[in-house]
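So the structure is just underneath, and the comments pick up after that.
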Amino acid sequence: GNSVTQMEGPVTLSEEAFLTINCTYTATGYPSLFWYVQYPGEGLQLLLKATKADDKGSNKGFEATYRKETTSFHLEKGSVQVSDSAVYFCALDSGTYKYIFGTGTRLKVLA
Amino acid sequence: DSGVTQTPKHLITATGQRVTLRCSPRSGDLSVYWYQQSLDQGLQFLIQYYNGEERAKGNILERFSAQQFPDLHSELNLSSLELGDSALYFCASSTHPSAASGGAAYEQYFGPGTRLTVT
């Protein structure tokens, strides 16, 4: 079946460090891929998305590229800030009427 | 603010009881999704409705049920509660059901959640 695998957290970085959170997926067909972010005490909110191979989603300095050949959608940011501390979820939508979320990766950025 | 509202914000109840969680989707959204988030199991998809009809079921227990009403709000009913049901329950909405292969990606908008504590 369809699935999403994210790197385990927590990830702890110093401010201005480079961030990568790995996400790989298994799906039939051509799913859409998403990154959601959950700040403490809040619900999830969409960070970025990509709908087809080689698409790059970007928002707030975060980027992720849909790589069909490696079935990956890794999240990157060149310089993290303390305010980026949150839980990040990779998700896919395969068109079967339900999203599949990864387990989430907690990011902690230290000043 | 996502535009999705959930009530109540917090709920504390005893084992064996029944509770109802309520969700109002964003204006114009026809799809409603319910998720359970617990510390040890991450975010679990429970069920989805589209315009009043059930569209998909995930890992929803038989003790749980949901419905979407003509005004599009949705309720999640949890009965015979157990300690392990303690979790955050999120509702999300989107304009359309999840996209067909290769089509547009429809964003889900999440509510703030209901924190259920079963004692």
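In the stretch A:27-65, the residue that is nearest to residue A:100 (Cα to Cα) out of those that are surrounded by fewer than 13 Cβ atoms within 10 Å (Cβ to Cβ) and touching a residue at least 24 places away in the same chain (Cβ under 8 Å) is A:28.
With respect to residue B:25, determine if the residue is at pLDDT below 95, surrounded by 16 or more Cβ atoms within 10 Å (Cβ to Cβ), in contact with a Ser or Thr (Cβ under 9 Å, 6 or more places away or on another chain) and not hydrophobic (A, V, I, L, M, F, W, C). Considered against the rule, which asks whether it is at pLDDT below 95, surrounded by 16 or more Cβ atoms within 10 Å (Cβ to Cβ), in contact with a Ser or Thr (Cβ under 9 Å, 6 or more places away or on another chain) and not hydrophobic (A, V, I, L, M, F, W, C), residue B:25 comes out as no.
Is it true that some residue in the stretch B:14-21 is of a type in the set (Val, Ile, Thr), assigned to a loop (DSSP other than H, G, I, E, B) and more than 14 Å from every other protein chain (Cβ to nearest Cβ)? Taking every residue of the stretch B:14-21 in turn, at least one turns out to be of a type in the set (Val, Ile, Thr), assigned to a loop (DSSP other than H, G, I, E, B) and more than 14 Å from every other protein chain (Cβ to nearest Cβ). Scanning the stretch A:35-44 turns up one or more residues that are within 10 Å of the chain's Cα centre (by Cα) and not β-branched (Val, Ile, Thr). Of all residues in the stretch A:83-102, count the ones that are under 14 Å from the mean Cα position of the chain (by Cα) and either at pLDDT 90 or above or of a type in the set (A, V, I, L, M, F, W, C) (or both). Matching residues across the stretch A:83-102 total 12.
Sort out which residues of the stretch A:1-26 are part of a loop (DSSP other than H, G, I, E, B), loosely packed, with under 14 Cβ neighbours inside 10 Å and modelled with pLDDT of 95 or more, and write them in order of number. It would help to see each step written out before you state the result.
Residues of the stretch A:1-26 that are part of a loop (DSSP other than H, G, I, E, B), as a first pass: A:1-2, A:7-10, A:15-18, A:22.
Among the residues that remain, those that are also loosely packed, with under 14 Cβ neighbours inside 10 Å are: A:1, A:8, A:10, A:15-16, A:18.
A:15, A:16, A:18 - these are the residues of the stretch A:1-26 that are part of a loop (DSSP other than H, G, I, E, B), loosely packed, with under 14 Cβ neighbours inside 10 Å and modelled with pLDDT of 95 or more.
The set of residues in the stretch A:66-111 being among the aromatic types (Phe, Trp, Tyr) and either surrounded by fewer than 20 Cβ atoms within 10 Å (Cβ to Cβ) or over 15 Å from residue B:43 (Cα atoms) (or both) consists of A:66, A:73, A:97.
Could you tell me whether the stretch B:59-67 includes any residue that is on the phi < 0 side of the Ramachandran plot, within 14 Å of chain A (Cβ to nearest Cβ) and modelled with pLDDT under 95? Among the residues of the stretch B:59-67, at least one is on the phi < 0 side of the Ramachandran plot, within 14 Å of chain A (Cβ to nearest Cβ) and modelled with pLDDT under 95, which makes the answer yes. Pairs are defined by a Cβ separation below 9 Å, a sequence spacing of at least 6 or placement on different chains, a first member in the stretch A:1-14 that is over 11 Å from residue A:106 (Cβ atoms), and a second member that is of a type in the set (Phe, Trp, Tyr); the pairs so defined are A:2/A:25; A:3/A:25; A:4/A:25; A:4/A:73; A:4/A:89; A:4/A:101; A:5/A:25.
Among the residues of the stretch B:23-39, those identified as in a loop (DSSP other than H, G, I, E, B) and over 10 Å from residue B:87 (Cα atoms) are B:25, B:26, B:27, B:28, B:29, B:30. Quick one: in the stretch A:32-59, of everything that is in contact with a Phe, Trp or Tyr (Cβ under 7 Å, 6 or more places away or on another chain), facing chain B (nearest Cβ under 9 Å) and not in a strand (DSSP E or B), which residue is farthest from residue A:4 (Cα to Cα)? Looking at residues that are in contact with a Phe, Trp or Tyr (Cβ under 7 Å, 6 or more places away or on another chain), facing chain B (nearest Cβ under 9 Å) and not in a strand (DSSP E or B), I get A:43.
Condition first: of a type in the set (D, E, K, R), closer than 25 Å to residue A:100 by Cβ and not in a strand (DSSP E or B). Can you find one or more residues in the stretch B:52-74 that meet it?
The first filter runs over the stretch B:52-74 and keeps only residues of a type in the set (D, E, K, R), leaving B:53-55, B:57, B:62-63, B:71.
Among the residues that remain, those that are also closer than 25 Å to residue A:100 by Cβ are: B:53-55, B:57, B:62-63.
Right, trim to not in a strand (DSSP E or B) and you get B:62-63.
So far as the stretch B:52-74 goes, yes, one or more of its residues are of a type in the set (D, E, K, R), closer than 25 Å to residue A:100 by Cβ and not in a strand (DSSP E or B).
I'd like to check something: does the stretch A:84-93 contain any residue that is away from every other protein chain (no Cβ under 14 Å) and either in contact (Cβ under 8 Å) with a residue 12 or more places away in the chain or of a type in the set (D, E, K, R) (or both)? Yes, there is a match, as at least one residue in the stretch A:84-93 is away from every other protein chain (no Cβ under 14 Å) and either in contact (Cβ under 8 Å) with a residue 12 or more places away in the chain or of a type in the set (D, E, K, R) (or both).
The values are calculated or read from the model by the stated rules, or taken from the named source; none is laboratory data. No experiment lies behind these values; they were computed from the predicted model shown. Positions of Cβ are generated from backbone atoms using ideal geometry, with glycine treated the same way; all protein chains shown enter the neighbour counts.
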